[in-house]
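In what follows, a single structure is set out as structure tokens and then discussed.
The values are calculated or read from the model by the stated rules, or taken from the named source; none is laboratory data. Note that the coordinates shown come from a computational prediction; the quantities given were computed from them, not determined experimentally. With ideal geometry, Cβ positions are generated from the backbone for all residues, glycine too; neighbour counts draw on all protein chains shown. Accessible surface is based on the protein model in full, side chains and every heavy atom, while ligands, DNA and RNA are left aside. Shrake-Rupley method; radii C 1.70, N 1.55, O 1.52, S 1.80 Å.
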Amino acid sequence: MPVLHQPLHGITVLDLTRVLSGPYCTMLLADMGARVVKVEQPGRGDDTRAWGPPFVDGESAYFLSINRNKESVTLDFKQPAGRAVLDRLVAKCDVLVENFRPGTLAKLKLDYASLAGQHPRLVYCSISGFGQSGPRSHEPGYDAVMQAEGGLMSITGAADGPPFRVGVAIADIASGMFAAYGVTLALYARERSGGGQAVDIGMLDSVAALLSYQAAIYFATGSAPSRMGNRHPTIVPYETFAASDGDFVLAVGNDEQWRRFCTVTGFQDDGRFQTNAARVTRYAQLRPLLDAHLRMRTRRDWIECLTAAGVPCGSVRDLHEVFTDRQLSAREMVAEVDHSRIGALKLLGVPVKLSGTPGGVRAAPPTLGQHTDAVLREDLGFSTSEIVALRRDGVV
């Protein structure tokens, strides 16, 4: 029986990223078997190591959330000795991921143009606020700014209220996902061509790509969509409603589901709302009727009868309710690993389920510099005395 490796087994990723977009990308690659060597500043590490509270035995919960399955090496590569170490790491990697502001690594001769000649098979991924080209490429990128600049906040929030950003750093996360997608595509292309390439991810591009049907509405009408709260702009009813004891989401996606909704709930459609187009057009008439009707029973009553009838719906749940759901346990979406300082540590699982070569959570997020000595000794051949000297000089 052949041994089935994870999809990216044998791929080494040199991770020069920090905060969220880059670490999220490299976590996705690590989850699928890539070896990720995360380079951090000696004594300080990734910025998110200091983000909190909460901290768990001195470790930032934020950092722990996005750095599983990685090795941590502390290295000051602005020092000549540190740069020499980094060059040897670059020579051993398949992929380099960085999220510095464009031009920063070019000054150090660590950009793709500087490295590609000596390392023609290198896949080099850059994540930045506005990408590596264009009139704003020099500007920094932060998630909240990108949600604002990318139009996402303009369509998030109540119609009569201020714009809101999404409850997670979606600009960073989406950029990290697109970056991991780009890296895997470049690795696949390398299998055919033999050569690496640059992968250029702009956070503004990533947010714009998420606009999907909202962008299509703008292209079709020439008018910028406005905030609609939890409403859907082209499907009704598709939003949050209040039952007698709490909120739930009703997602009637077509006219057959609407007829089933009316039958099972006893809602009387007098003919004005039989088609989705009619429901969208007459939303102002329909919404108060639904509000009054759905307040008459508990959300559990509604969800049970609607689910049985095949009408999509669900409770608005907090995270305690989410993570005690047996469905997530069955799907292994909560993993437990042994952390060198904390002990048993719960982390999110891997959402991509492959039948033959599955990914997984193999190792806890590293403590700062946890793997420095091992990488220097076992991968680069440094002696103990050489490592001691590097540490004495503040290089590692």
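Any residue at all in segment 32-44 that is of a type in the set (Gly, Ala, Ser) and more than 22 Å from Met333 (Cα to Cα)?
Among the residues of segment 32-44, at least one is of a type in the set (Gly, Ala, Ser) and more than 22 Å from Met333 (Cα to Cα), which makes the answer yes.
Could you run through segment 47-71 and say how many residues are surrounded by 15 or more Cβ atoms within 10 Å (Cβ to Cβ) and either more than 20 Å from Leu348 (Cα to Cα) or of a type in the set (Val, Ile, Thr) (or both)?
4
Surrounded by fewer than 20 Cβ atoms within 10 Å (Cβ to Cβ) and either modelled with pLDDT of 95 or more or among the small types (Gly, Ala, Ser) (or both): is that true of Ser175 in this structure? I'd like the intermediate steps shown before the answer.
On the way: surrounded by fewer than 20 Cβ atoms within 10 Å (Cβ to Cβ): no; either modelled with pLDDT of 95 or more or among the small types (Gly, Ala, Ser) (or both): yes.
So Ser175 fails the test.
State all residues of segment 292-318 that are among the hydrophobic types (A, V, I, L, M, F, W, C) and in contact with a helix residue (DSSP H, G or I) (Cβ under 7 Å, 6 or more places away or on another chain); if no residue qualifies, say none.
The first filter runs over segment 292-318 and keeps only residues among the hydrophobic types (A, V, I, L, M, F, W, C), leaving 292, 294, 296, 302-303, 305-306, 308-309, 311, 313, 316.
Once the filter is applied, which keeps residues that are among the hydrophobic types (A, V, I, L, M, F, W, C) and in contact with a helix residue (DSSP H, G or I) (Cβ under 7 Å, 6 or more places away or on another chain), segment 292-318 yields Leu294, Trp302, Cys305, Leu306, Ala309, Val311, Cys313.
Just to be sure I understand, how many residues within segment 222-242 are in a loop (DSSP other than H, G, I, E, B) and touching a Leu at 6+ places or on another chain (Cβ under 6 Å)?
Of the residues in segment 222-242, 1 are in a loop (DSSP other than H, G, I, E, B) and touching a Leu at 6+ places or on another chain (Cβ under 6 Å).
Determine the pairs where a residue that is surrounded by 15 or more Cβ atoms within 10 Å (Cβ to Cβ), located within segment 158-172, has a partner that is modelled with pLDDT under 95 with Cβ atoms under 6 Å apart, the partner being 6 or more residues away or on another chain.
Here the result reads none, with nothing in segment 158-172 linked to a residue that is modelled with pLDDT under 95.
Considering segment 275-291 alone, what residues qualify as being of a type in the set (A, V, I, L, M, F, W, C) and surrounded by 12 or more Cβ atoms within 10 Å (Cβ to Cβ)?
Ala278, Val280, Leu286, Leu289, Leu290
Looking only at strands (runs of 3 or more DSSP E) that fall completely inside segment 254-371, which ones have 1 or more residues that are out of contact with any strand residue (DSSP E or B) (no Cβ under 7 Å at 6 or more places or on another chain)?
Because the criterion is at least 1 residues that are out of contact with any strand residue (DSSP E or B) (no Cβ under 7 Å at 6 or more places or on another chain), the strands (runs of 3 or more DSSP E) in segment 254-371 that meet it are 343-348.
So for segment 235-247 (the condition being touching a helix residue (DSSP H, G or I) at 6+ places or on another chain (Cβ under 6 Å), open to solvent by 40 Å² or more (accessible area, probe 1.4 Å) and free of Cβ contacts under 8 Å to residues at least 40 places away in the same chain), does at least one residue qualify?
The answer is no, given that none of the residues of segment 235-247 is touching a helix residue (DSSP H, G or I) at 6+ places or on another chain (Cβ under 6 Å), open to solvent by 40 Å² or more (accessible area, probe 1.4 Å) and free of Cβ contacts under 8 Å to residues at least 40 places away in the same chain.
The rows are residues; the columns are (1) more than 21 Å from the chain's Cα centre (by Cα); (2) surrounded by fewer than 19 Cβ atoms within 10 Å (Cβ to Cβ).
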site: Leu14; (1), (2): no, no
site: Leu20; (1), (2): no, no
site: Met27; (1), (2): no, no
site: Arg83; (1), (2): yes, yes
site: Arg101; (1), (2): no, yes
site: Asp111; (1), (2): yes, no
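Would a scan of segment 377-391 turn up a residue that is touching a Ser or Thr at 6+ places or on another chain (Cβ under 6 Å), part of a helix (DSSP H, G or I) and more than 29 Å from Gln257 (Cβ to Cβ)?
Within segment 377-391, none of the residues are touching a Ser or Thr at 6+ places or on another chain (Cβ under 6 Å), part of a helix (DSSP H, G or I) and more than 29 Å from Gln257 (Cβ to Cβ).
Go through Tyr188, Tyr181, Tyr218 for me and flag whichever is open to solvent by 70 Å² or more (accessible area, probe 1.4 Å) and over 25 Å from Tyr112 (Cα atoms). Break it down stepwise before answering.
Working: Tyr188 fails: over 25 Å from Tyr112 (Cα atoms); Tyr181 fails: over 25 Å from Tyr112 (Cα atoms).
Just one listed residue meets the conditions, Tyr218.
Can you confirm whether Val39 is under 12 Å from Glu98 (Cα atoms) and either open to solvent by 60 Å² or more (accessible area, probe 1.4 Å) or within 18 Å of the chain's Cα centre (by Cα) (or both)?
No.
Is at least one residue of segment 306-328 open to solvent by less than 80 Å² (accessible area, probe 1.4 Å), among the polar types (S, T, N, Q) and at pLDDT below 95?
yes
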